[in-house]
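Here's the structure, in structure tokens; my notes come after.
The values are calculated or read from the model by the stated rules, or taken from the named source; none is laboratory data. Computed from a predicted structure; not experimentally measured. Positions of Cβ are generated from backbone atoms using ideal geometry, with glycine treated the same way; all protein chains shown enter the neighbour counts.
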Amino acid sequence: MANILYGVNGEGAGHSSRSKEVITHLIERGHRVHVASFDRGLKNLAPFFEVTEVYGLRFAYVNNRVRYGKTLAKNLVTAPKAAKSLRKLADLADELQIEMGFTDFEPLSCHLGRRRRLPVISIDNQHCLTNAEVSYPRRYRKEAAAAKLVTRLMTPHADAYLATSFFDAPVRKANTWLVPPIVRREVLGVRSSAEEHILVYVTSPSPQLVKVLRGVRARFFCYGFDRSGSEGNLLFKKPSLEGFLTDLVVVPGDHRQLGIFAGERGAASGEAVPGVPGGAAVRADLQRVLSAEVWLWRLLGGADTRVCGVVFI
């Protein structure tokens, strides 16, 4: 069995949630896995696995939208920390006799694997944008180009790319496979709650979005705004995988409510604006988003439960 270094991007909870299932599977198959992560990824994975904290590339956000110029400047200033973390991982790889690498949008583990000519496998959803044929509204071409550039730079030249996707699409690269979403075991066993609300999740606080939600006649449960407490029709909550999952599933209701708020602009235009990565509104059209929501709705119980509202990414 192999000694594996598994790098996990720590921004948000999506990468660590997906990686937890993959790492658990690898360990159950007899592999030894050591994790490298930061921020939320470190917090979410440290209770279950051996985790080393590393420097993490940070995106700069304004109203939950990535600003690539500020992101570049921010990370250039902290480049020495990245070099220090890379040396730490190199020493760890020697100590643990690492034989291969996995990466979920984490660049240092990928870079180390390529430098040492080890096989590297990438598992994330971002490479669906670069390695498959996906459509997006024409007005997001600039954002798409920026998102594609960042995605290519994060984990380049992996030996294989497993891109999770809710929909089928032709792949553009021979070393790429589109696979179904990797669902946490806790999700499969979740029970519905008795509340009616719309769930909102952002990667970074968005005052502009708060203003919009206050003007909507609905109850919103909000994650990612760096605050807690109730303000009118908004209930702000601190990060919690368990609490988020509980709030995601509610009792039966009108399934047509799903996808009404695909985004601040998409709700009015009929176009989907999910984020790739971290808020760039470029991944798919509304039909694909609705297909994803229908898939989740059926997965979580069909007529007995429903996924309520929107997740802003």
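Per-structure values
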| read-out | value |
| --- | --- |
| Among (1) touching a residue at least 40 places away in the same chain (Cβ under 8 Å); (2) buried (at least 18 other Cβ atoms within 10 Å of the Cβ); (3) in the same structural domain as Ser240 (by TED's automatic domain parsing) - the single one Arg191 does not satisfy | (2) |
| Residues satisfying the stated conditions in segment 228-255, i.e. loosely packed, with under 13 Cβ neighbours inside 10 Å, at pLDDT 80 or above and assigned to a loop (DSSP other than H, G, I, E, B) | Ser228, Gly232, Lys238, Ser240 |
| All helices (runs of 4 or more DSSP H) inside segment 82-191 with 3 or more residues being among the hydrophobic types (A, V, I, L, M, F, W, C) | 107-115, 141-154 |
| In segment 1-25, residue surrounded by the fewest Cβ atoms within 10 Å (Cβ to Cβ) [restricted to those that are part of a helix (DSSP H, G or I) and of a type in the set (S, T, N, Q)] | Thr24 |
| Any hit, segment 127-142, residues being within 15 Å of Gly7 (Cβ to Cβ) and modelled with pLDDT of 90 or more | yes |
| Residues (among the small types (Gly, Ala, Ser) and without any contact (Cβ under 8 Å) to a residue 12 or more places away in the chain) located in segment 81-121 | Ala83 |
